[in-house]
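Colleague: Okay, here's the structure, questions in a sec.
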Amino acid sequence: MKYSFHAYGHPNILGTHKTTLEFTKDEKLSLKGDCIICVKADFELKKLKELIQNSKSKKISITIETPDRRIKETINAELNPGFSSAHELVIRKTDFLSERTFALRADKAAFDLSDGLIDYLKEKNAKIDVILESYDEIKC
């Protein structure tokens, strides 16, 4: 199964957290949120839960790209069946689980994203596409 949503940049994006990255529906961001890489994310909890339930492999590829596709990052991780947050979607390198943890054992955190992407996300009108695709749907 494949699902995508949009999110937006903010001048306070830091992208410096070494073990997590987060998409939030919040519109404001303080400098304390160093794992948050975008705001105003328009994901739907129901669709995310369907993706988790219908994925055979429980592995996920998360692609973040600019609308013109000039900047693109891919993160690979394992889905958390217990994810239930309608407000925040957190991806972790660790095994820590909470209702906010969408995926764990990721191969990237905010700190690992390219400087080009982080710089882009600091722009006022920055918009990204986030594509979530379970491994059993990915064609090699």
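Colleague: Given (1) closer than 17 Å to I37 by Cα; (2) part of a loop (DSSP other than H, G, I, E, B); (3) free of Cβ contacts under 8 Å to residues at least 24 places away in the same chain, where does T74 come up short, assuming only one miss?
Modeller: In the conditions (1) closer than 17 Å to I37 by Cα; (2) part of a loop (DSSP other than H, G, I, E, B); (3) free of Cβ contacts under 8 Å to residues at least 24 places away in the same chain, T74 misses (2) alone.
Colleague: Checking the condition among the hydrophobic types (A, V, I, L, M, F, W, C) and out of contact with any strand residue (DSSP E or B) (no Cβ under 7 Å at 6 or more places or on another chain), which residue from L31, L21, L79, L51 passes? It would help to see each step written out before you state the result.
Modeller: Details: L21 fails: out of contact with any strand residue (DSSP E or B) (no Cβ under 7 Å at 6 or more places or on another chain); L79 fails: out of contact with any strand residue (DSSP E or B) (no Cβ under 7 Å at 6 or more places or on another chain); L51 fails: out of contact with any strand residue (DSSP E or B) (no Cβ under 7 Å at 6 or more places or on another chain).
Answer to the selection: L31.
Colleague: Anything in region 101-128 that is of a type in the set (D, E, K, R), under 15 Å from the mean Cα position of the chain (by Cα) and within 19 Å of K28 (Cα to Cα)? List them, or say none. Show your work before the answer.
Modeller: The initial filter retains those residues of region 101-128 that are of a type in the set (D, E, K, R), namely 105, 107-108, 112, 115, 119, 122-124, 127.
In the following step, the residues that additionally are under 15 Å from the mean Cα position of the chain (by Cα) were identified as 105, 107-108, 112, 127.
Within region 101-128, just K127 meets the criteria.
Colleague: What are the residues in region 27-66 that are assigned to a loop (DSSP other than H, G, I, E, B), closer than 27 Å to P11 by Cα and in contact with a helix residue (DSSP H, G or I) (Cβ under 8 Å, 6 or more places away or on another chain), if any? So that I can check it myself, show each step before the final result.
Modeller: In the first step, residues of region 27-66 are kept if they are assigned to a loop (DSSP other than H, G, I, E, B); the result is 27-35, 40-44, 55-58, 66.
Subset that is closer than 27 Å to P11 by Cα: 27-35, 40-44, 66.
Correct list: D34, C35, T66.
Colleague: So S30 ticks every box in (1) under 15 Å from L132 (Cβ atoms); (2) free of Cβ contacts under 8 Å to residues at least 24 places away in the same chain; (3) polar (S, T, N, Q) but one. Which box is left unticked?
Modeller: The one condition S30 does not meet is (1).
Colleague: Name the one entry in L45, L121, L132 that is within 15 Å of S4 (Cα to Cα) and surrounded by 18 or more Cβ atoms within 10 Å (Cβ to Cβ). Break it down stepwise before answering.
Modeller: Numbers: L45 fails: surrounded by 18 or more Cβ atoms within 10 Å (Cβ to Cβ); L121 fails: within 15 Å of S4 (Cα to Cα).
Exactly one of L45, L121, L132 is within 15 Å of S4 (Cα to Cα) and surrounded by 18 or more Cβ atoms within 10 Å (Cβ to Cβ), namely L132.
Colleague: List pairs: first in region 118-133 and aromatic (F, W, Y), second surrounded by 15 or more Cβ atoms within 10 Å (Cβ to Cβ), Cβ under 9 Å, 6+ apart or cross-chain?
Modeller: Short answer, once both residue conditions are applied: Y120/G9; Y120/T66; Y120/I71; Y120/A126; Y120/I128.
Computed from the coordinates by the stated procedures, all read-outs in this text should not be read as laboratory data. Here the structure is a predicted model, which means the values were calculated and not measured. Glycine gets a Cβ as well: all are built from the backbone with ideal geometry, and neighbour counts include every protein chain shown.
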